[in-house]
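Reading through the structure tokens given below for one structure.
The values are calculated or read from the model by the stated rules, or taken from the named source; none is laboratory data. All of these numbers come straight from a predicted model, not from anything done at the bench. Cβ atoms come from the backbone with ideal geometry, glycine included; neighbour counts cover every protein chain shown. Note: accessible area is taken over every heavy atom of the protein model, side chains too, but ligands, DNA and RNA are not part of it. Shrake-Rupley method; radii C 1.70, N 1.55, O 1.52, S 1.80 Å.
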Amino acid sequence: EHPWSIAEKRRIRDCQQADIKYLSGWKQWKRTSSKSLKKVLSEVKELSSYLELWRHDIHSIEGKFGTGIQSYFSFLRFLVLLTFVIFILMFSFLTLPSIIAKYGIFNSSFAESPPKNTELHCTVYTPSGNQGLVYFYTYLKDLLSGTGFLEMTSLFYGYYTIDAAWFSILRYNLPLAYLLATFAYLALSLLWIIKRSVEGFKQNLVHHEDQFQSYCNKVFAGWDFCITDPNAARLKHRSLQYELQTDLEEERLKRKIADRTMKEKLRIYSLRIFINIIVIAVLSGCFYSIYRATVFSQENSNDVGNKNFQANLFVQYLPSVVITLANFIAPQIFSFLITFEDYSPAFEIRLTLMRCVFVRLANIGVLLFSLWSQISHCTTDKCKACGYNYELYPCWESEVGREMYKLMIFDFIIILAVTLFVDFPRKLLVTHCSCKPVQWCGLQEFGISDNVLEIIYGQTICWIGTFFSPLLPAIATIKYFIIFYIKKISLIHTRKPAARPIRASSSNFFFLVVLLIGLVLAFVPLGISIAHIPSSKACGPFRSFNTSWAVVPATVLGFPTGLQQVLHAIASEAFAVPFFMVICLIMVYLIALAGAHKRVVEQLREQLALESRDKLFLIRKITEAQR
């Protein structure tokens, strides 16, 4: 790892080998075992790289279409792994113990205690299961909406009614495990995203520090000399070509911006203001449409007098349909408008992503706000005694889970339908029809911002819905797995890469930042559901508690007195205020340290520049002296 020549490294290695015979037996064994451990770890790391999911596919995409599109597929692979880990977490701590206890496997048993201090009418819950003769399309409807035979399965919150499970002499507190598993998957997602964001930020920082250094790295150190396969060499060559093309494109735009006259600046700024007004109007229209559709659906979906089955079904699914249409149409409008604003490719992705984030994440917020307003709307004393609208929503957590389930299923159906019924027919028309309008339209470009927003939207639904539907991460994992191959086939056969290539270093970091925004926004509805809205008294593990959070104080009361005092002291203001001040001091210190390091780096860069100038000066003098 030292910056020495190979000859110097060999000399030092020979000296170390000669000194081994003078070392004690313990030091000889320690040095030998250290070298063996490093060799084993290196071989394990090399072997694990071959087991990496979609390794060959992503390398092939990188070589054919550039690092920008490759960053999307790498991001999709990260979400597959994340949702799969969340599914393993929820299944291991919630679903598996419930199934084992209910079926008495391994001599286990369970206990279900009725809610205390609760009115009897609040505990009535009769799922709308299918009885008698059932038509085939009813099962299809239940599969799409999460009702019928799916309503009381382990997919939704209402299935987990066990208060405690006994495995031999061990007692398993399912309500506490349910809440802790929720906190665990949110914390795991946060830490994993931050870890990847820090790595991407380092690459982004190095790239933006010195443009000349980026060129030097690609030209002199960009080739992988371990490549022996001609196909792999061809892929690597294409990848470097796309990266250099991106650098040249951004340099051209920078020069164009620097050479703008005052008249051109006034024109482009006026055009951007006008386009932003159009964007605000589109956002407002989307929000209002979703709000009206949600209110209309909530008011009419339970209308008993409506005998038209198809109309009632359409009204029930109206919010999901409107949200899906808004998520599909708005990004298309934004992608069209951004081409007139004359931004760099990297900034186009960022701006389009931020605009689409407001549409997609606000859509979920409007839906949840409408649901909660209906859930908490009480006009009678019986309803106020329960704390929520028990007549319409006897198990409101499962109702929210079904809405998240429908959003995820509808989102997948739209992605599949666009590929089958839009991209493939367009490809056939462009290939076999020589009409000028068709050839002018051409193949659709693979929009990175649109595709990234699709999966970030789906992941936000997964984070919110996992509390209400613990097995939703399994559905999300299968969905992302299928989407990878759908997008790969669509990219290779029905779409074309962007006319202006995109750099992956800055895009990867920004994708993770937007994903982090989605995670932070998911904290809000989950926090309100856990701490504010009364839990259902007819279903779920929190039937005996006023809210889901109430299980934590109830569990703490069962601890020894000394441990209770310690936990209450940690949760008090006397501990929180000094802890917050210490954290602020540490942050100030780290910020100051980072500023000092940055100044040192700038001084070293200036010193390197001066040394290069001195070398050029000496070369000129030597050349003149030789002449």
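Numbers at a glance
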| read-out | value |
| --- | --- |
| The listed residue being modelled with pLDDT of 75 or more, within 19 Å of S548 (Cα to Cα) and of a type outside the set (G, A, S), out of L150, L174 | L174 |
| Some residue of the range 132-139 being open to solvent by less than 50 Å² (accessible area, probe 1.4 Å), modelled with pLDDT of 75 or more, outside any helix (DSSP H, G or I) and of a type in the set (A, V, I, L, M) | no |
| Unmet requirement for S529, which otherwise passes all of (1) closer than 30 Å to K102 by Cα; (2) in contact (Cβ under 8 Å) with a residue 60 or more places away in the chain; (3) open to solvent by 50 Å² or more (accessible area, probe 1.4 Å); (4) in a helix (DSSP H, G or I) | (3) |
| Verdict on F328 being open to solvent by 30 Å² or more (accessible area, probe 1.4 Å), modelled with pLDDT under 80 and of a type in the set (A, V, I, L, M, F, W, C) | yes |
| Near pairs, Cβ below 9 angstrom, 6+ apart or cross-chain, from the range 285-311 (open to solvent by less than 40 Å² (accessible area, probe 1.4 Å)) to any residue that is hydrophobic (A, V, I, L, M, F, W, C) and modelled with pLDDT under 75 | S297/V315; S301/V315 |
| Residue among L420, L361, L371, L392 that alone is at pLDDT 85 or above and on the phi < 0 side of the Ramachandran plot | L420 |
| Residue count, the range 148-173 (criterion: within 28 Å of the chain's Cα centre (by Cα) and touching a residue at least 60 places away in the same chain (Cβ under 8 Å)) | 8 |
| Any hit, the range 470-486, residues being among the polar types (S, T, N, Q) and at pLDDT 90 or above | yes |
| Residue ranges of helices (runs of 4 or more DSSP H) in the range 366-478 with at least 3 members open to solvent by 70 Å² or more (accessible area, probe 1.4 Å) and either hydroxyl-bearing (S, T, Y) or farther than 16 Å from L491 by Cα (or both) | 381-386, 424-432, 436-441 |
| Answer from L186, L190, L179, L155 - the residue that is closer than 30 Å to L512 by Cβ and surrounded by fewer than 16 Cβ atoms within 10 Å (Cβ to Cβ) | L190 |
